[in-house]
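> Starting off with a structure, shown below.
The values are calculated or read from the model by the stated rules, or taken from the named source; none is laboratory data. Note that the structure is predicted; figures quoted are calculated from it, not measured. For neighbour counting, all protein chains shown are included, and Cβ atoms are generated from backbone atoms with ideal geometry for every residue, glycine included. For the accessible areas, the whole protein counts, side chains as well, though only heavy atoms, and no ligand, DNA or RNA atoms are used. Shrake-Rupley method; radii C 1.70, N 1.55, O 1.52, S 1.80 Å.
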Amino acid sequence: MALSSSSIAIISLSALLVLPISLPAHDTSAIPPAESIHEQSTANAPEVPAPSPPVTPPLVLFDRLTVTGGPGSVDEIPGSAHYIGKEELQRQSQSDVARVLRTVPGVNIQDEEGYGLRPNIGMRGTGVERSQKITLMEDGVLIAPAPYSAPAAYYFPTIGRMESIEVRKGSSSIRQGPYTTGGALNLISTSVPSDFAAHVNLAAGEDATVRMHASIGDSIGRFGWLIETYQLDTDGFKRLDGGGDTGFELHDYVAKLRYNSPWDARVQQAFELKLGHTTQSGRETYLGISDADFALTPNRRYAASQEDFIDANHEQYQLRHFIQPSASLDVTTTVYRNDFFRNWYKLDSVAGVSVASILDDPETFSTQLAILRGARDDAGSLKLRANRRDYYAQGVQSVVALRRTTTALDHELEIGLRYHQDQEDRFQQDDSWSMIGGRMFLAQEGAPGSNANRIGEASALAFFVQDRMTFGRWSVTPGFRFESIDFTQTDYGRTDARREGTMARVLRNDVRVLIPGIGASYSIAPSLSIFGGVHRGFAPPGPGSDERTRPEESINYESGVRYTGKPMTAQLVAFFNDYENLLGRDTLSSGGGGTGNLFNGGRVEVKGLEASLQSDFRQLTRLPVSLPVRLAYTWTRAVFESSFETSFDDWAPRVEKGDRLPYLPEHQWATGLGVAFDRWSCAVDITYTDSMRTVAGRGATAANERTDSYLLTDLTTSYSILPRLRLFAQVRNLTDETYIAARRPAGVRPGLPRTVLAGVSWDF
């Protein structure tokens with residue numbers, strides 16, 4: 001049952017009124033100013049006279065929307081954590097989050113359409129398909145369309161409007177959930193400025209690509225506001241047989257309103273309302289091409305994909321309240337709602353054979369392949385599916401933070417509570433089309449709901465406690481997370497379009513799980529520390545699973561060393577994930593039938609090594625020029641520890657003990673080199689991704705069961721005409737590398753070819 005708006009309001013109000021009831025007496029310690037909502041206040045500020053309020057009072061929020069605590073706290077976490085800040089995001093000026101995250105070790109990525117619209121992201125071998133095995137958030141709030149009942153992220157926040165990105169792995173990631181095996185990815189949106197600020201970024205390039213990012217905001221007295229938009233249109237780089245558009249249009253809008261207490265108030269409080277609206281429409285397809293056609297024309301699209309089209313709409317609502325009764329206590333409460341609709345109309349089969357099967361074995365299905373190419377006429381055997389789905393996710397969450405110092409021990413205790421509901425509503429149909437002379441014509445429209453007509457729902461109560469204790473050179477962070485999840489799936493059948501329920505089949509299952517973890521670090525020297533941790537990994541099974549389906553569970557270990565001195569910072573981490581049971585999910589995006597069925601994978605062991613380094617050689621050379629350098633490397637090996645038979649396409653038909661997991665590169669690395677003068681800067685980003693198996697196996701890999709290894713070079717340069725006005729140019733895939741990025745959902749999929757973009761950026 002959906003949580004009504006009145007219920008949300010009552011829960012939120014209760015959290016705001018009840019939580020501070022038993023607070024200690026107000027502390028009159030002064031709170032230092034901060035630039036934005038994401039910065040932190042000092043835990044124990046000295047007592048000083050309150051200053052006179054400035055014309056524009058600065059806002060201080062010890063806000064719990066971050067997962068790392070910001071750039072100043074990353075090095076204090078007893079686990080692997082990375083923060084990509086505003087300056088780095090502006091330098092890269094990327095619209096593809098995959099290209100940004102390749103610089104973070106331990107993050108696994110599989111390309112799909114070349115633009116990062118629906119990225120496939122995993123961490124430490126969790127699996128990458130639709131980013132469904134990581135905890136994905138925006139501003140500390142779950143942002144996947146239905147994180148519990150349908151976690152596949154067919155919606156992904158627009159990276160171009162983000163202010164920073166956080167990645168947190170290891171035992172410290174149990175603070176977030178429900179997916180705790182790999183880690184959490186948190187995208188932090190543009191904050192309300194403390195003074196008037198405006199920004200415009202305009203760019204244009206190949207394939208009729210036009211990009212715009214603009215924002216304007218201000219803080220006046222107790223009020224602050226921000227309006228922002230991000231627009232991206234392109235005709236696409238693939239070439240459709242017979243001509244036609246293969247691109248997309250993305251339009252993203254965000255508005256924020258903030259009200260905060262006076263600067264000299266004894267109790268600091270703030271409210272922030274965030275509203276978001278995103279639409280996407282495009283000629284996107286699941287249909288790839290054969291190996292033979294890729295060798296001749298890698299960017300080709302078959303004629304049978306000419307009617308494929310996606311229409312998506314996302315609405316976002318967040319209301320956050322912050323209160324800091326004293327320097328040692330703060331409470332952050334957020335009420336949220338996300339609505340997402342998408343209808344992906346795309347080719348599913350030809351003459352009863354799935355497009356994945358045709359392209360896996362083009363010789364056997366040569367007749368169907370000829371129809372795909374538009375080289376053979378056919379009457380009515382092409383089935384296109386209207387993959388219509390409605391999602392919502394809503395809830396309320398609160399985090400209480402208490403800091404206390406004794407003679408022997410410093411505590412930073414966090415207690416969090418979240419009540420969440422989400423739903424996926426599938427109402428799909430298949431239409432029949434004909435291919436005549438390379439053009440498609442509608443032959444018969446299917447009955448609404450005749451393919452899928454079901455609703456999956458989840459309600460979850462989550463609770464976590466985490467205490468960071470510091471004594472001497474030691475820092476120990478024990479904690480646990482508890483998840484109580486109830487799933488319901490109602491299948492109305494393919495003939496009950498009005499959902500009267502006469503033949504409805506209802507499945508219910510529930511999960512209760514305790515997820516403990518502990519991390520510790522020891523400071524060997526002021527700039528050198530070692531750390532380690534162990535925690536339980538968990539991923540919920542989802543609605544529709546039967547009694548044979550077990551939750552995904554694991555025990556995860558990590559240990560590392562971190563150096564944070566000058567002129568560089570460096571980190572080396574070893575990890576080992578011991579799965580008791582790995583889950584696979586049947587989806588269309590993985591090349592399956594889209595049933596959503598879950599498959600037990602049994603015991604799996606994942607081990608790996610992560611290394612990263614950042615430096616600016618200017619500090620060594622004393623030259624009047626910045627010379628930043630960034631390095632990242634990941635080695636991962638994941639194998640099944642049991643043998644079994646399965647119908648899951650990524651593993652089928654049989655897995656033997658010792659087989660490697662698919663879509664997981666063994667080696668990947670990234671290098672960033674830059675030079676910056678007063679007005680001119682240039683940066684080169686080079687990333688390497690090893691070839692990947694596309695099905696489970698061992699030993700030598702057949703050519704049609706692997707992707708290519710590839711080396712990508714991106715070049716970005718800019719010149720400042722005025723202090724706040726700069727020109728820039730960007731070349732992605734500078735060497736025009738041609739490579740197979742994936743073999744799913746159906747057939748070979750190419751990576752983005754060389755693409756040039758140039759524009760102007762103005763801050764005022």
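> Checking PHE531 against (1) touching a strand residue (DSSP E or B) at 6+ places or on another chain (Cβ under 6 Å); (2) open to solvent by 30 Å² or more (accessible area, probe 1.4 Å); (3) part of a strand (DSSP E or B), only one condition comes out false. Which one?
(2)
> Could you check the range 601-626 and list, in sequence order, the residues that are closer than 20 Å to ARG562 by Cβ and open to solvent by less than 60 Å² (accessible area, probe 1.4 Å)?
GLY608, GLU610, ALA611, SER612, LEU613, SER615, ASP616
> Okay, next question. Condition check: open to solvent by less than 10 Å² (accessible area, probe 1.4 Å), modelled with pLDDT of 95 or more and either part of a strand (DSSP E or B) or out of contact with any Pro (no Cβ under 7 Å at 6 or more places or on another chain) (or both). Does THR279 satisfy that?
Working: open to solvent by less than 10 Å² (accessible area, probe 1.4 Å): no; modelled with pLDDT of 95 or more: yes; either part of a strand (DSSP E or B) or out of contact with any Pro (no Cβ under 7 Å at 6 or more places or on another chain) (or both): yes.
No, not satisfied.
> Would you mention how many residues in the range 222-238 are among the basic types (Lys, Arg) and within 24 Å of the chain's Cα centre (by Cα)?
Within the range 222-238, the subset among the basic types (Lys, Arg) is 222, 238.
From what's left, within 24 Å of the chain's Cα centre (by Cα): none.
So the count comes out to 0.
> Across the range 197-213, what is the total count of residues that are within 15 Å of THR158 (Cα to Cα) and open to solvent by 20 Å² or more (accessible area, probe 1.4 Å)?
So the answer is 2.
> Take residues that are under 13 Å from LEU257 (Cα atoms) and tell me which of the strands (runs of 3 or more DSSP E) falling wholly in the range 184-241 contain 2 or more. Steps first, answer last, please.
On the way: elements: 197-205, 209-220, 223-234.
It comes to 209-220, 223-234.
> Here is a further query. Could you please find all residues in the range 412-432 being farther than 25 Å from ALA150 by Cα and open to solvent by 30 Å² or more (accessible area, probe 1.4 Å)?
Matches in the range 412-432: GLU412, LEU413, ILE415.
> Let me ask another. So if I check each of ALA393, ALA379, which one is in a strand (DSSP E or B), of a type in the set (Gly, Ala, Ser) and under 30 Å from GLY140 (Cα atoms)?
Numbers: ALA379 fails: under 30 Å from GLY140 (Cα atoms).
Only one candidate qualifies: ALA393.
> Next question, about the same structure. Any residue at all in the range 678-689 that's farther than 30 Å from ASP207 by Cβ and open to solvent by 30 Å² or more (accessible area, probe 1.4 Å)?
Start the filter on the range 678-689 by keeping residues that are farther than 30 Å from ASP207 by Cβ, which leaves 678-679.
From the residues that got through so far, the ones that are open to solvent by 30 Å² or more (accessible area, probe 1.4 Å) too are 678-679.
Yes; the residues of the range 678-689 include at least one that is farther than 30 Å from ASP207 by Cβ and open to solvent by 30 Å² or more (accessible area, probe 1.4 Å).
> Here's another thing I want to ask about it. Got a sec? Which of TYR302, TYR336, TYR345 is closer than 30 Å to TYR739 by Cα and open to solvent by less than 10 Å² (accessible area, probe 1.4 Å)?
Numbers: TYR336 fails: closer than 30 Å to TYR739 by Cα; TYR345 fails: open to solvent by less than 10 Å² (accessible area, probe 1.4 Å).
On inspection, the qualifying residue turns out to be TYR302.
> Related question: Applying the selection to the range 618-647, what residues are within 15 Å of ASN581 (Cα to Cα) and not charged (D, E, K, R)?
Across the range 618-647, the qualifying residues are ALA638, VAL639, PHE640, SER642, SER643, PHE644, THR646.
> Please work out which residue is surrounded by the most Cβ atoms within 10 Å (Cβ to Cβ), limiting yourself to the range 731-757 and to residues that are in a loop (DSSP other than H, G, I, E, B) and of a type in the set (Lys, Arg).
In the first step, residues of the range 731-757 are kept if they are in a loop (DSSP other than H, G, I, E, B); the result is 733-739, 743-745, 747, 751-754.
So of that shortlist, the ones also of a type in the set (Lys, Arg) come out as 743-744, 754.
Values: ARG743: 25, ARG744: 27, ARG754: 15.
Looking at the filtered set, the residue picked out is ARG744.
> Taking the range 158-177 as the region of interest, how many residues are buried (at least 24 other Cβ atoms within 10 Å of the Cβ) and more than 21 Å from ARG468 (Cβ to Cβ)?
Of the residues in that region, 1 qualify.
> Next up: Within the range 344-367, can one find any residue that is touching a residue at least 60 places away in the same chain (Cβ under 8 Å), within 30 Å of PHE237 (Cβ to Cβ) and assigned to a loop (DSSP other than H, G, I, E, B)? If you could, list the steps in order and put the result at the bottom.
Filtering the range 344-367 for residues touching a residue at least 60 places away in the same chain (Cβ under 8 Å) gives 344, 346-348, 354-356, 358-360, 362.
Add one more test, that the residue is within 30 Å of PHE237 (Cβ to Cβ), and what stays is 344, 346-348, 354-356, 358-360, 362.
Add one more test, that the residue is assigned to a loop (DSSP other than H, G, I, E, B), and what stays is 362.
Yes, the range 344-367 contains a residue that is touching a residue at least 60 places away in the same chain (Cβ under 8 Å), within 30 Å of PHE237 (Cβ to Cβ) and assigned to a loop (DSSP other than H, G, I, E, B).
> Would you check if there is a residue in the range 288-297 being open to solvent by 20 Å² or more (accessible area, probe 1.4 Å), among the small types (Gly, Ala, Ser) and modelled with pLDDT of 95 or more?
Quick first cut of the range 288-297, residues open to solvent by 20 Å² or more (accessible area, probe 1.4 Å) only: 291-292, 294-297.
Keeping just the survivors that are among the small types (Gly, Ala, Ser) gives 292, 295.
From what is left, the residues that are modelled with pLDDT of 95 or more are 292, 295.
Yes, because at least one residue in the range 288-297 is open to solvent by 20 Å² or more (accessible area, probe 1.4 Å), among the small types (Gly, Ala, Ser) and modelled with pLDDT of 95 or more.
> What's the total number of residues in the range 439-473 that are part of a strand (DSSP E or B) and either under 22 Å from ARG508 (Cβ atoms) or among the basic types (Lys, Arg) (or both)? If you could, list the steps in order and put the result at the bottom.
The initial filter retains those residues of the range 439-473 that are part of a strand (DSSP E or B), namely 439-444, 452-471.
Checking the rest, the ones that are also either under 22 Å from ARG508 (Cβ atoms) or among the basic types (Lys, Arg) (or both) come to 439, 452-462, 468.
Residues meeting the conditions: 13.
> Further question on the same structure: Restricting the range 548-572 to residues that are farther than 15 Å from GLY125 by Cα and β-branched (Val, Ile, Thr), which is modelled with the lowest pLDDT? Before you say what the answer is, go through the steps one by one.
To start, the set of residues in the range 548-572 that are farther than 15 Å from GLY125 by Cα comprises 548-551, 559-572.
Still in the list and also β-branched (Val, Ile, Thr): 549, 561, 564, 569.
On the way: THR549: 78, VAL561: 96, THR564: 91, THR569: 92.
Restricting to residues being farther than 15 Å from GLY125 by Cα and β-branched (Val, Ile, Thr), the top hit is THR549.
> Hey, TRP225 hits all of (1) touching a Ser or Thr at 6+ places or on another chain (Cβ under 7 Å); (2) open to solvent by 10 Å² or more (accessible area, probe 1.4 Å); (3) not charged (D, E, K, R) but one; which does it fall short on?
For TRP225, the exception is condition (1).
> Would you point out the residue of the range 183-196, among those that are closer than 8 Å to SER219 by Cα and not acidic (Asp, Glu), that is surrounded by the most Cβ atoms within 10 Å (Cβ to Cβ)?
Filtering the range 183-196 for residues closer than 8 Å to SER219 by Cα gives 192-196.
Within this subset, residues satisfying the condition of being not acidic (Asp, Glu) are 192-194, 196.
Details: VAL192: 22, PRO193: 20, SER194: 20, PHE196: 12.
Result: VAL192.
> Another question, if that's okay. Mind listing whichever residues of the range 486-522 are among the β-branched types (Val, Ile, Thr) and either at pLDDT below 90 or open to solvent by less than 90 Å² (accessible area, probe 1.4 Å) (or both)? Spell out how you get there, then give the answer.
The first filter runs over the range 486-522 and keeps only residues among the β-branched types (Val, Ile, Thr), leaving 488, 490, 495, 502, 506, 511, 513, 515, 518.
Answer for the range 486-522, where residues must be among the β-branched types (Val, Ile, Thr) and either at pLDDT below 90 or open to solvent by less than 90 Å² (accessible area, probe 1.4 Å) (or both): THR488, THR490, THR502, VAL506, VAL511, VAL513, ILE515, ILE518.
> Now, a different point. For the range 557-609, which residues satisfy the criterion of being part of a loop (DSSP other than H, G, I, E, B) and of a type in the set (A, V, I, L, M, F, W, C)?
Step one: of the range 557-609, the residues part of a loop (DSSP other than H, G, I, E, B) are 564-567, 582, 586-587, 591-597, 601-603.
Passing the criteria: only LEU582.
> State which residue is farthest from PRO745 (Cα to Cα) when the search covers only the range 635-657 and only residues that are buried (at least 17 other Cβ atoms within 10 Å of the Cβ), out of contact with any Pro (no Cβ under 6 Å at 6 or more places or on another chain) and not aliphatic (A, V, I, L, M).
TRP635
> Looking at the range 91-140, which of its residues are hydroxyl-bearing (Ser, Thr, Tyr) and either assigned to a loop (DSSP other than H, G, I, E, B) or open to solvent by 10 Å² or more (accessible area, probe 1.4 Å) (or both)? Give the steps one after another, and end with the answer.
If we filter the range 91-140 for residues that are hydroxyl-bearing (Ser, Thr, Tyr), which is where we start, we get 93, 95, 103, 115, 126, 131, 135.
Residues satisfying the conditions are SER93, SER95, THR103, TYR115, THR126.
> Quick one: ASN581 ticks every box in (1) modelled with pLDDT under 80; (2) touching a strand residue (DSSP E or B) at 6+ places or on another chain (Cβ under 8 Å); (3) open to solvent by less than 50 Å² (accessible area, probe 1.4 Å) except a single one, so which number is it?
The one condition ASN581 does not meet is (1).
> Same structure again: Could you please find all residues in the range 353-389 being surrounded by fewer than 18 Cβ atoms within 10 Å (Cβ to Cβ) and among the acidic types (Asp, Glu)?
ASP361, GLU363, ASP377
> Quick check on ASP235: is it surrounded by fewer than 17 Cβ atoms within 10 Å (Cβ to Cβ), acidic (Asp, Glu) and within 20 Å of PRO119 (Cα to Cα)? Don't jump to the end; show me each part of the working.
On the way: surrounded by fewer than 17 Cβ atoms within 10 Å (Cβ to Cβ): yes; acidic (Asp, Glu): yes; within 20 Å of PRO119 (Cα to Cα): yes.
Here the answer is yes, as ASP235 does meet what is asked.
> Let me ask something else. Which condition from (1) of a type in the set (S, T, N, Q); (2) within 29 Å of the chain's Cα centre (by Cα); (3) not in a loop (DSSP other than H, G, I, E, B) is the one that SER691 breaks?
(3)
> For the range 693-728: of the residues being touching a Leu at 6+ places or on another chain (Cβ under 7 Å) and of a type outside the set (Asp, Glu), which is nearest to ARG102 (Cα to Cα)? First the steps, then the outcome.
At the first step, the residues of the range 693-728 found to be touching a Leu at 6+ places or on another chain (Cβ under 7 Å) are 696, 713-715, 718-719, 721.
Then drop every residue that is not of a type outside the set (Asp, Glu), which leaves 696, 713, 715, 718-719, 721.
Working: ALA696: 24, THR713: 12, LEU715: 15, SER718: 22, TYR719: 26, ILE721: 31 Å.
Taking the candidates together, the pick is THR713.
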